[in-house]
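For reference, the structure is listed below as structure tokens.
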Amino acid sequence: MPRTAAPTLNSPSPSPSPSRIPRAADPDRRRTSASVVLRSVLEHGPVARSTIARLTGLSPASVTDYCARFSELGLIREAAAPRRSNGVGRPHVPVDLDDSRFVVGGVHVAVPYTTVALLDLRGRVVARRELKHERTDPGAVLARAADGLGALLHEAPGCRPLGVGVAIGGWVDRESGTVVEHPLLGWRDVAVREIVGEHTGLPVHVDGHARALVNGERLFGLGRGSGSVLHLFVGNVVDAAFATNDEVHHGPRSQAGTIAHLPVPGGTERCDCGRIGCLQAELSERTLCRRAREAGITEGVNPLHVVAAAAGGDPKAVRLLVERARAIGRAVRLLLDVLNPETVVVTEVGIIHRADCLRALREGVGDERAVSVVPTSFPDSVLAVAGGSVALDVLYRDPLAASPEAI
């Protein structure tokens, strides 16, 4: 991807004028105030500045100053029609996100292929492409992903990139931008941020895909407004992420959410660790497809072929998917007992596509909490949203770090 002079996330910002940006006791407080203002525009826009002040508890002057800076950065715009309160006084000119200028790049690295995408500031997928792995060594995979993003940007000349988010399974250290370990890909200590940054010339942010998706849910999906959200990702890799009050738990070296060896009640699969019934060994897409081949349902390693067979009326495929969803529900019940979240979001191929699998999931949960368990908010674009949400989370946490250069 060619280097670009577009505004970027986390690039140096000019010192704000004291008359334009409210003074704060420390930079963290200012970042937090800026974040809640932009989040209010995202969630409620078009919205009057006076309403933002009421929602956030900030002073009207502070909200006006933040909105002026966001407008300079190109992140928000005034809506077309000003509104008057009771027909008298100064008109209330609402503000809204300006989703016409900027995008973020998203990269999701799965076991068989990589998804590259462009997302707008509302988390909507503007363009995407799947790149089947020709080789799985990290340099080749990540260079090809960067080239894929470059091609998408070339095909969308009006879109200007703020940065790139990379989501991947396994053990991902967000702070260093490193994949510490991904056994299914054979990756260890891969400097993803450095490699993708060299190829794109853009700021790069890296996180595990379950944490990426819990951020997507709390910003753009069913997790918005929830005090605590648990996300369970069931693919070839099975992992989880937990957020409370918009803070995602990472743990030392971002190792939180590693649940591959959580025991599944009633499990029968032998794990590489030597035990029976570990969560990933029992419920991964590799196991699903192997069981489908053994049952004569389909060939190959694509779980969507099992879903297609079930849609075509194959009772063995239906039973396989429903039993898997019920087992996932039992695993969710264990996580509910430990973490007690308000909302549980599950990303799994059967639950996304079939109502009977969602019912079986909730049956596996097995109590009044089942209603709080929902499928992903992004059924048609979950992997694209995962990558982009890594970068969008950075934007909404510290929007003043976007440089106004070249706007």
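The table below gives the values:
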read-out: Angle between the chain longest axis and helix 315-339 axis [Cα atoms, degrees, rounded to 10]; value: 60
read-out: 5 angstrom amide H check on Ala110, placed H, neighbours 5+ away; value: Thr115
read-out: P(r) weight above 17 Å for segment 27-67, C-alpha pairs, percent; value: 15
read-out: Residue-averaged [θ]222 nm for the chain, counting only DSSP H segments that reach four residues, each worth -39500 (n - 2.57); value: -12500 deg cm²/dmol
read-out: Evaluated at q = 0.07, 0.10 Å⁻¹: base-10 log I(q)/I(0), Debye formula over Cα of the chain; value: -0.35, -0.70
read-out: Principal-axis tilt of helix 27-44 within the chain, Cα atoms, nearest 10 degrees; value: 80
read-out: Percent of beta bridges antiparallel (DSSP, the chain, rounded to nearest 5); value: 65
read-out: Rounded to whole Hz, the Karplus (6.51, -1.76, 1.60) HN-Hα couplings of segment 371-385, x for glycine and proline; value: 5, 7, 9, 10, x, 3, 6, 10, x, 9, 8, 4, 6, 5, 5
read-out: Residue order, fewest to most beta carbons within 10 Å, for Tyr113, Tyr396, Tyr66; value: Tyr113, Tyr396, Tyr66
read-out: Rel. contact order, % - alpha carbon contacts under 8 angstrom, at least six apart, segment 169-284; value: 19
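Computed from the coordinates by the stated procedures, all read-outs in this text should not be read as laboratory data. Just so it is clear, the structure is predicted and the values come from calculations on it, not from any experiment. Cβ coordinates were reconstructed from backbone atoms using ideal geometry, including for glycine residues, and neighbour counts include every protein chain displayed.
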